[in-house]
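S.K.: My structure is below; once you've seen it, I'll send some questions.
The values are calculated or read from the model by the stated rules, or taken from the named source; none is laboratory data. Just so it is clear, the structure is predicted and the values come from calculations on it, not from any experiment. A quick note on method: Cβ atoms are made from the backbone with ideal geometry, for glycine too, and the neighbour counts reach across all protein chains shown.
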Amino acid sequence: MPLVQNIRRFVRFGVAAALAVLAAAAFGATAASAASSLPPEGIFEDCSLDTQMSTCLQRLEVMHQGGMQVVVIPGYGASLSSLQTYASAAHSLGMSVMWELSNPGWWQDPSTGTQMAGAFSNYASACGCSQNYQVLAYVIRWLGSQPGTYGYYAADDSMLSAGDQGGVASYVGEIKQVDPSHTVMIGSADQSQTNTYQRISDVIGTEMYPVTTSSLMPVASNQDIWGGVAQQAVDAQNTANAAGKQSAFILQAFTWGDNVDDGQAIGACSPSDSQLSCYDKLRYPSSSEQLQLRNEALLHAHPKIILWWSFPGTYGQAGNDTYSIYPTGAVAAARWAGLSAAVQAPAPGSTSKVAAAHAASAAKHTVKHSKHHRKHRKHHKHHRKHLRRKHA
């Protein structure tokens, strides 16, 4: 780097002391500038607020110390007082909450139906209403009034079906009519979903999860996959630009082998594998891989927010789910330390030769990897969302 090279030259000429002061000031200004240029980063959480509040708040503190600024957690399945306590705690830490509301009933059932009054029963009781959009309006007014609210994770890719576009547009339109000031996000597993829903929500959370059973480092030896990741970020930003929106990304903080179904889905495990043997065949991404993944998004796009899936898959679960294997002890500590380091790393510099090479090779490799990725990640997330509803 030029600054370092110049310092070394002047040190040899005996003026190290003066230049050390100047260098420190320059570095401090650069670091501050880089930090201010980074978008907020957050993570998905699943913790029972009614029965484990002290644990949930302790986990929230861990997230904060690890550099997370936003937590994504269900805005249902708990009492309003518990949701309020959690939102206030996040706000007191300087964090925000993105409330997950994703449920096909919002966009597949009539607005005058009553199914969602059961799924969001605490709100229905509080407002004394039963029709879907009456309940939705109350949900958004109530959550939007909480001081820690960042916005709403309105729909996850795994819950979207062919023909849902019109219903989702009406659903998101109702959210924005009630609360135009907070961000509404839809998760997307592929470019087709992004194209379909980009103009509906404020941001599309483009999932970038390289499907791999081995290390992706060093970057120079894995140009095919990193080129595909770079192009995915470019495509997401271009689509957002065309719609007059900002981009957003959801990045990998899980191992494909934490449940047997997903291990089989990516071809790494077989029906004869046990839960543990499948888990042993796959790996959680290293801190350097997570940093590279984040930096690809920053180098090739201008995201409004970056989210990580997920806190339970990194730090460990708060409940007793046995479908997946969650980290504990030293493994959990190592995963969280690595992700925290990636999250708190300074912004990357200008696009390097390696990053430029990514873009050049991306056209060749993106289609192959993105098709493989979108097929299997949707399967993975489907199971997790199912478990969340089951155990809420």
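S.K.: Just to check your reading of the model, which residue among 122, 103 is assigned to a loop (DSSP other than H, G, I, E, B) and either of a type in the set (Val, Ile, Thr) or in the same structural domain as residue 251 (by TED's automatic domain parsing) (or both)?
M.R.: Among 122, 103, only 103 is assigned to a loop (DSSP other than H, G, I, E, B) and either of a type in the set (Val, Ile, Thr) or in the same structural domain as residue 251 (by TED's automatic domain parsing) (or both).
S.K.: Also: From the list 221, 247, pick out the single residue that is over 22 Å from the mean Cα position of the chain (by Cα) and farther than 23 Å from residue 316 by Cα.
M.R.: Step by step, each of 221, 247 is checked, and only 221 is over 22 Å from the mean Cα position of the chain (by Cα) and farther than 23 Å from residue 316 by Cα.
S.K.: For residue 98, state whether it is in a loop (DSSP other than H, G, I, E, B), in contact with a Gly (Cβ under 6 Å, 6 or more places away or on another chain) and either without any contact (Cβ under 8 Å) to a residue 40 or more places away in the chain or crowded, with 23+ Cβ neighbours inside 10 Å (or both).
M.R.: no
S.K.: Something else about it: Give the residue, chosen from 330, 297, 342, that is crowded, with 20+ Cβ neighbours inside 10 Å and either farther than 16 Å from residue 66 by Cα or charged (D, E, K, R) (or both).
M.R.: Going through 330, 297, 342 in turn, the sole match is 297.
S.K.: Would you point out which residue out of 232, 290, 252, 317 is of a type in the set (S, T, N, Q), under 25 Å from residue 199 (Cβ atoms) and under 19 Å from the mean Cα position of the chain (by Cα)?
M.R.: 232
Table: residues versus (1) under 29 Å from residue 328 (Cα atoms); (2) part of a helix (DSSP H, G or I).
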{"residue": "78", "(1), (2)": "yes, no"}
{"residue": "81", "(1), (2)": "no, yes"}
{"residue": "85", "(1), (2)": "yes, yes"}
{"residue": "111", "(1), (2)": "no, no"}
{"residue": "133", "(1), (2)": "no, yes"}
{"residue": "138", "(1), (2)": "no, yes"}
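S.K.: Being surrounded by fewer than 22 Cβ atoms within 10 Å (Cβ to Cβ) and part of a loop (DSSP other than H, G, I, E, B) is the filter here, so list the residues in segment 50-73 that pass it.
M.R.: 50, 51, 52, 66, 67, 69
S.K.: Going through segment 177-191 one residue at a time, which ones are without any contact (Cβ under 8 Å) to a residue 12 or more places away in the chain and touching a helix residue (DSSP H, G or I) at 6+ places or on another chain (Cβ under 9 Å)?
M.R.: Of everything in segment 177-191, just one residue is without any contact (Cβ under 8 Å) to a residue 12 or more places away in the chain and touching a helix residue (DSSP H, G or I) at 6+ places or on another chain (Cβ under 9 Å), namely 177.
S.K.: Check off (1) aliphatic (A, V, I, L, M); (2) part of a strand (DSSP E or B); (3) out of contact with any Phe, Trp or Tyr (no Cβ under 9 Å at 6 or more places or on another chain) for residue 162 and give me the number that stays unchecked.
M.R.: Condition not satisfied by residue 162: (2).
S.K.: Something else about it: Which residues, counting only those in segment 125-135, are under 18 Å from residue 173 (Cα atoms) and touching a helix residue (DSSP H, G or I) at 6+ places or on another chain (Cβ under 6 Å)?
M.R.: Selection gives 132, 133, 135.
S.K.: When both residues are 6+ apart or on different chains and their Cβ atoms are under 9 Å apart, which pairs have a first residue that lies in segment 246-264 and is surrounded by fewer than 24 Cβ atoms within 10 Å (Cβ to Cβ), and a second that is in a loop (DSSP other than H, G, I, E, B) and of a type in the set (Asp, Glu)?
M.R.: Hits for this filter: 246/202; 260/273; 264/273.
S.K.: Also, I was wondering about something else. For residue 284, work out the one condition from (1) without any contact (Cβ under 8 Å) to a residue 60 or more places away in the chain; (2) surrounded by fewer than 19 Cβ atoms within 10 Å (Cβ to Cβ); (3) part of a loop (DSSP other than H, G, I, E, B); (4) of a type outside the set (Gly, Ala, Ser) it doesn't fulfil.
M.R.: Single failed check for residue 284: (2).
S.K.: Can you tell me which residue within segment 265-274, out of those that are buried (at least 17 other Cβ atoms within 10 Å of the Cβ) and of a type outside the set (D, E, K, R), is farthest from residue 190 (Cα to Cα)?
M.R.: Applying the filter and picking the extreme gives 269.
S.K.: On to the next question. Please tell me if residue 114 is among the β-branched types (Val, Ile, Thr), over 24 Å from residue 49 (Cα atoms) and over 24 Å from the mean Cα position of the chain (by Cα).
M.R.: yes
S.K.: I'm checking my understanding of the structure. Among residues of segment 140-159 that are part of a helix (DSSP H, G or I) and small (Gly, Ala, Ser), which one is farthest from residue 84 (Cα to Cα)?
M.R.: 158
S.K.: Within segment 215-234, work out how many residues are aliphatic (A, V, I, L, M) and either part of a loop (DSSP other than H, G, I, E, B) or surrounded by fewer than 24 Cβ atoms within 10 Å (Cβ to Cβ) (or both).
M.R.: The total comes to 6.
Results for (1) closer than 27 Å to residue 70 by Cβ; (2) not hydrophobic (A, V, I, L, M, F, W, C), shown as yes or no for each residue.
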| residue | (1), (2) |
| --- | --- |
| 103 | yes, yes |
| 145 | yes, yes |
| 150 | yes, yes |
| 155 | yes, no |
| 161 | no, yes |
